[in-house]
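These notes are about the structure you will find just below.
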């Protein structure tokens, strides 16, 4: 067997066979799984189960024909049966949606998650306070007791004109509230037989100059601090719903008929693709593909490069280097090691790429990734890998200990951060002048090009060709320079050189 | 016999420092050569140039009939001064890898050879152990096997005994004498001169990049015939009486004995007779110069440095060999 390949084979086997590699390679997908599956479960622990009261000062004075007040409506909305029914409906909805996308197993998992997320049903009493109750004094009760043991959770003040339009009241007083009530009663009596527009017109006529929209009041709500948003959101919704339906009734409309009129079925958009159609995720998913491409390139290049540098340093500090050099030339050794680590990086790339493609296929998003893009990713991988491998081999050869490599590594790491900075501007605008230029500057070029390739706006073919030509040329230059540094560096012990010294080595011999 | 290595006016500088300066050297095929000289003399640089690990700035070099060792690496076995093993590799696999890098075909033949060698150096049980589990002496033996597995025609050993205990030192010596008997040319470099004296049939002395001596051990002994007499007196008399003998240049006291250094014209036998006449002598003999003495004499002649200075340089093995 060719000796360069012998070196490459040993390099590959001794790297891939270590526990470090196996763990390191699996850690990334594991983190992804944890992030996607476990973290939401941990974060979205079930909400606290509140046991307490919601106090309502209803100044609207409204009653429906059956004599039910807003407080009664709210109480109904918080009745255990209603809460249970809502819960079931929500579960069914989620289940239907998930089932469509993920299948039976996914739906069941989602349902379990949801069940957990919704937690146990709270136990909430809705209490009516007298209209003239002192708000400041009632607020104090929000500070007393516990939200889990019957303490007051919220204090709601429904304004006099919340249901029936009236003159907005600047000041709060028993008298004004009194007047408001009168006004409402009048309005309520006037309303039947008239349509909504007439009622508004009449109201506008009554209170000349007041804008009609401002005539409706709302409610004020004071709540205990640190209440879960899964309590707050439903409260807000239930209150607005109660007031809305009261207004509709007060205006003499049929709530159900209005609801039917207002409700327009708005299905999700369906994307039509070559492989079939699916529900749109509501946005451009290309950004994830760009991120995926860049991560793939980045991780495989980084891992391969790191291993390369470490093994070169190890061979030096083990003093096995000179033994090797008695059998093969430094060039053969470096080439063999780079090829071996290319195998390592390629394995990582293949593992992650396969996981990615399988996942996309599973969710029917495979069309986001063109086969030609995958081909380009592999081409750019080779360019990026050889560029960084040459750098890492040179750095590894120049130092004796891993710690000494830090100062030489810093500029390399800074170059490797650039793709992350470029990520957003390049995905937003893959064909801007900036993106075009970045795609042609050697160390960053392969990263920039895969980010651009993943965008919606196709990158002109000539730019790919130019980036590849520039890439190949820069790889040749980098390997040539690295070989020179390597040849001198591998037998150099002692004080680690700086970049100036390395450049001198390149010019030497 | 032909020459295994020919070096003509070979020069190598590292920055300011001239490591090897216009070295001429011929190593006879089948010879057992000792490269001696203090640390930093240029031995390792010379050897690395022979191995084509580094290249001379000037001069011509031929190894086993080829212009450079690059073309004949497979026929050379090299045990460098800076030697190591892959710590995580198993001993058997390491030896197999090294042999294959040297062009040995893989297969059961190679495996059998490795086992035989490990048995000979008493490491048969270690074949499946990782190299890092071996002691330093054991690792050194493994490295020696690695450089002879492919049965090289030329064997270069740079400080092969450093760090070995006496038992293993003897084992190693026997092993490479055996390689010599097989017909291999051996170059052996050391700063411990008496080792070379015990082993080699030809000595090359290097000091500060220059060759100061290149001759067979026999010829050296003949050339540096004893010019000193060593006397052990019965009573603790001083050497005044002896210093007065005609032909005695100076009397020194070394290790409790009196050493009479003779001038160039005197006859040692005549001086001994007179010494016995003048003092109560327990023991008297010709003092055979060691390689170290020869080295000092040569270097003193050439550079004018003092004897103590040179001796300190040879023995003070602390100075690091300048790396390539």
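The values are calculated or read from the model by the stated rules, or taken from the named source; none is laboratory data. Quick caveat, the model's predicted, so the values are computed rather than measured. A quick note on method: Cβ atoms are made from the backbone with ideal geometry, for glycine too, and the neighbour counts reach across all protein chains shown.
Which residues, taken from segment A:492-509, are within 12 Å of chain B (Cβ to nearest Cβ) and either in contact with a strand residue (DSSP E or B) (Cβ under 7 Å, 6 or more places away or on another chain) or under 20 Å from residue A:402 (Cα atoms) (or both)?
Selection gives A:492, A:493, A:494, A:495, A:501.
For segment A:69-87, how many residues meet the condition of being in contact with a helix residue (DSSP H, G or I) (Cβ under 8 Å, 6 or more places away or on another chain), part of a loop (DSSP other than H, G, I, E, B) and surrounded by fewer than 16 Cβ atoms within 10 Å (Cβ to Cβ)?
0
What tally of residues in segment B:91-109 results from selecting those that are surrounded by 14 or more Cβ atoms within 10 Å (Cβ to Cβ), modelled with pLDDT under 90 and away from chain A (no Cβ under 11 Å)?
Number of matching residues: 0.
Any residue at all in segment B:233-244 that is surrounded by 19 or more Cβ atoms within 10 Å (Cβ to Cβ), in contact with a helix residue (DSSP H, G or I) (Cβ under 7 Å, 6 or more places away or on another chain) and assigned to a strand (DSSP E or B)? Lay out the reasoning, then the answer.
Here is the first cut: in segment B:233-244, the residues surrounded by 19 or more Cβ atoms within 10 Å (Cβ to Cβ) are B:233, B:239, B:242.
If we keep only those that are in contact with a helix residue (DSSP H, G or I) (Cβ under 7 Å, 6 or more places away or on another chain) too, we end up with B:242.
From the residues that got through so far, the ones that are assigned to a strand (DSSP E or B) too are none.
No - not one qualifying residue is present in segment B:233-244.
Could you say whether any residue in segment B:127-134 is crowded, with 22+ Cβ neighbours inside 10 Å, within 14 Å of another protein chain (Cβ to nearest Cβ) and part of a helix (DSSP H, G or I)?
From segment B:127-134, those crowded, with 22+ Cβ neighbours inside 10 Å are B:131; that's our starting set.
Remaining after also requiring within 14 Å of another protein chain (Cβ to nearest Cβ): B:131.
Pick out the ones that are also part of a helix (DSSP H, G or I) and you get B:131.
Yes, some residue in segment B:127-134 is crowded, with 22+ Cβ neighbours inside 10 Å, within 14 Å of another protein chain (Cβ to nearest Cβ) and part of a helix (DSSP H, G or I).
Kindly indicate the residue of segment B:1-22 that is touching a helix residue (DSSP H, G or I) at 6+ places or on another chain (Cβ under 9 Å) and farther than 24 Å from residue B:180 by Cβ and also surrounded by the fewest Cβ atoms within 10 Å (Cβ to Cβ) among those meeting that condition. So that I can check it myself, show each step before the final result.
Of segment B:1-22, the ones touching a helix residue (DSSP H, G or I) at 6+ places or on another chain (Cβ under 9 Å) are B:5, B:7, B:10, B:12, B:14, B:19-20.
Retained after the next criterion (residues that are farther than 24 Å from residue B:180 by Cβ): B:10, B:12, B:14, B:19-20.
Working: B:10: 23, B:12: 23, B:14: 15, B:19: 26, B:20: 26.
Applying the filter and picking the extreme gives B:14.
Only one of A:256, A:278, A:230 is modelled with pLDDT of 70 or more and crowded, with 16+ Cβ neighbours inside 10 Å; which?
Working: A:256 fails: crowded, with 16+ Cβ neighbours inside 10 Å; A:278 fails: modelled with pLDDT of 70 or more.
Checking each option against the conditions leaves just A:230.
Scanning for something part of a strand (DSSP E or B) and touching a strand residue (DSSP E or B) at 6+ places or on another chain (Cβ under 9 Å), does segment B:45-55 turn up at least one residue?
Just the residues of segment B:45-55 that are part of a strand (DSSP E or B), to begin with: none.
Checking segment B:45-55: not a single residue is part of a strand (DSSP E or B) and touching a strand residue (DSSP E or B) at 6+ places or on another chain (Cβ under 9 Å).
Pick from segment B:34-71 the residues that are closer than 22 Å to residue B:149 by Cβ and touching a residue at least 40 places away in the same chain (Cβ under 8 Å): which of them is farthest from the other protein chains (Cβ to nearest Cβ)?
Just the residues of segment B:34-71 that are closer than 22 Å to residue B:149 by Cβ, to begin with: B:47-48, B:50-53, B:63-64, B:66, B:69-71.
Subset that is touching a residue at least 40 places away in the same chain (Cβ under 8 Å): B:47-48, B:50-51, B:53, B:63-64.
On the way: B:47: 10, B:48: 8, B:50: 10, B:51: 6, B:53: 5, B:63: 12, B:64: 14 Å.
The extreme case among them is B:64.
Based on what the data block shows, is residue B:165 free of Cβ contacts under 8 Å to residues at least 60 places away in the same chain, over 22 Å from residue B:50 (Cβ atoms) and surrounded by fewer than 18 Cβ atoms within 10 Å (Cβ to Cβ)? Break it down into steps so the answer makes sense when it comes.
Numbers: free of Cβ contacts under 8 Å to residues at least 60 places away in the same chain: yes; over 22 Å from residue B:50 (Cβ atoms): yes; surrounded by fewer than 18 Cβ atoms within 10 Å (Cβ to Cβ): yes.
So residue B:165 passes the test.
Name the residue, out of A:447, A:434, A:486, that is touching a residue at least 40 places away in the same chain (Cβ under 8 Å) and more than 14 Å from every other protein chain (Cβ to nearest Cβ).
Details: A:434 fails: touching a residue at least 40 places away in the same chain (Cβ under 8 Å); A:486 fails: more than 14 Å from every other protein chain (Cβ to nearest Cβ).
That would be A:447, the only listed residue that is touching a residue at least 40 places away in the same chain (Cβ under 8 Å) and more than 14 Å from every other protein chain (Cβ to nearest Cβ).
If a residue has to be buried (at least 23 other Cβ atoms within 10 Å of the Cβ) and either under 27 Å from residue B:110 (Cα atoms) or without any contact (Cβ under 8 Å) to a residue 40 or more places away in the chain (or both) to count, how many in segment B:185-199 make the cut?
4
Where in segment A:312-403 are there helices (runs of 4 or more DSSP H), lying fully within it, with 2 or more residues that are surrounded by fewer than 23 Cβ atoms within 10 Å (Cβ to Cβ)?
By residue number, A:330-362, A:371-398.
Within segment A:486-504, does at least one residue satisfy the condition of being in a helix (DSSP H, G or I) and closer than 16 Å to residue A:379 by Cα?
Step one: filter segment A:486-504 for residues in a helix (DSSP H, G or I), giving A:486-489, A:499-504.
Next, from what is left, pick out any that are closer than 16 Å to residue A:379 by Cα: none.
No, because not a single residue in segment A:486-504 is in a helix (DSSP H, G or I) and closer than 16 Å to residue A:379 by Cα.
Within segment B:292-312, which residues are under 19 Å from residue B:17 (Cβ atoms) and at pLDDT 70 or above?
Answer for segment B:292-312, where residues must be under 19 Å from residue B:17 (Cβ atoms) and at pLDDT 70 or above: B:299, B:305.
Going through A:362, A:319 one at a time, which residue ends up being within 14 Å of chain B (Cβ to nearest Cβ) and at pLDDT below 85?
Values: A:362 fails: within 14 Å of chain B (Cβ to nearest Cβ).
That would be A:319, the only listed residue that is within 14 Å of chain B (Cβ to nearest Cβ) and at pLDDT below 85.
Here are some conditions: (1) more than 14 Å from chain B (Cβ to nearest Cβ); (2) more than 21 Å from residue B:100 (Cβ to Cβ). Residue A:310 meets all but one. Which one does it not meet?
Exception for residue A:310: condition (1).
I need the full set of residues from segment B:56-95 which are assigned to a helix (DSSP H, G or I) and closer than 23 Å to residue B:186 by Cα, in order please. Spell out how you get there, then give the answer.
Step one: of segment B:56-95, the residues assigned to a helix (DSSP H, G or I) are B:69-71, B:73-75, B:91-95.
Listed by number, the residues that qualify are B:69, B:70, B:71, B:73, B:74, B:75, B:95.
Are any residues in segment B:1-30 touching a residue at least 24 places away in the same chain (Cβ under 8 Å) and outside any strand (DSSP E or B), and if so, which ones?
Taking segment B:1-30 first, the residues touching a residue at least 24 places away in the same chain (Cβ under 8 Å) are B:1-14, B:17-25, B:27-30.
Scanning segment B:1-30 gives B:1, B:2, B:29, B:30.
Which of the residues spanning segment B:135-151 are part of a helix (DSSP H, G or I) and either more than 14 Å from chain A (Cβ to nearest Cβ) or more than 12 Å from residue B:89 (Cβ to Cβ) (or both)?
The initial filter retains those residues of segment B:135-151 that are part of a helix (DSSP H, G or I), namely B:136-148.
B:136, B:137, B:138, B:140, B:141, B:143, B:144, B:145, B:147, B:148 - these are the residues of segment B:135-151 that are part of a helix (DSSP H, G or I) and either more than 14 Å from chain A (Cβ to nearest Cβ) or more than 12 Å from residue B:89 (Cβ to Cβ) (or both).
Of the conditions (1) closer than 22 Å to residue A:441 by Cα; (2) at pLDDT 85 or above, residue A:398 satisfies every one except a single condition; which number is it?
(1)
Across segment B:72-84, which residue is farthest from residue B:100 (Cα to Cα) among those that are surrounded by fewer than 24 Cβ atoms within 10 Å (Cβ to Cβ) and at the interface with chain A (Cβ under 7 Å from one of its Cβ atoms)?
B:82
Any idea how many residues of segment A:104-151 are in a helix (DSSP H, G or I) and at pLDDT below 85?
Step one: filter segment A:104-151 for residues in a helix (DSSP H, G or I), giving A:104-118, A:135-143.
When the remaining residues are screened for being at pLDDT below 85, the result is A:104-118.
Of the residues in segment A:104-151, 15 are in a helix (DSSP H, G or I) and at pLDDT below 85.
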